[in-house]
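These notes concern the structure reproduced below.
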């Protein structure tokens, strides 16, 4: 059952959700939209005593505000928040075979996906070969108008994110080596950008760019790579790329994140729970466990 229903324009809400006919219609799905600059619908909903459950997908800072404003009513929450997913390429991987998967793991939806590869750790033995293979594949991908059937990637979604992405890339250009891209296009278009020579502590590595930019970090041994991947307040997803599947599974257990993929990244399915660790949120979606998030456990004694 839904908790809010209205088909009226936001001006008719009178800036007060008390005017909305809560749960009186029995409708299964209702949509309320509004400009948070005029009326903070999110805050009104998370504070409202008639709403018993909030499921939020978005940034970690906004997730914190949802928690704060829902605390007074002890509202139950499912939060799927920011990610800064790490992918680790082991030295036994074949750069040519994994290049396409790595690219789309990082640049699906032009990098504007919570569970996309945001940091790529590659063993020093194959670092250059992986860089070369990634760049070669990226050059085959067309960025352009989504109405054009030949376009595979589109623009950054809004000016604020475009400016943040641009600033992170400009900082990275001073610290690493731009292998591809790095120059903004027209409007909000930004080409896939690959930068090597960065490390943990650099802004493009530490912060979630949520756009078409991928930092590649060289490592010497697997323990170093696992530690670097876990050195983040986020823990949404991660991946291991290797020719040895069993080795990949063992390393997966050491990653501090809710989902780990072997030789792919970001693939979710409706029968498998999906959620984050650490500041990437709590609770899960999908699977029986995700359905259980919408239920209350009750024990009856007689």
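Read-outs: derived from the displayed coordinates by stated rules, not from any lab. Worth saying up front: this structure is predicted, and the values here are computed from it rather than measured. Glycine also receives a Cβ, built like all others from the backbone with ideal geometry; neighbour counts cover every protein chain displayed.
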Inset, instruction - Give me the distance in nm between label points sitting 7 Å out from Cα along the Cα-to-Cβ direction at residue 140 and residue 40, one decimal. - result: 5.0
Legend entry - Using a Förster distance of 35 Å, the FRET efficiency for residue 57-residue 302 (Cβ separation, nearest 0.05): 0.30
Legend entry - Crossing angle, helix 127-138 versus the chain [Cα axis fit, 0-90 degrees, rounded to tens]: 60
Legend entry - Computed over the chain: relative contact order in percent, which uses C-alpha pairs under 8 Å that are six or more apart: 18
Legend entry - Residue of 60, 78, 142 that the Gaussian network model of the chain assigns the largest fluctuation, springs spanning Cα pairs under 10 Å: 142
Inset, instruction - Give me the distance in nm between label points sitting 7 Å out from Cα along the Cα-to-Cβ direction at residue 227 and residue 148, one decimal. - result: 4.7
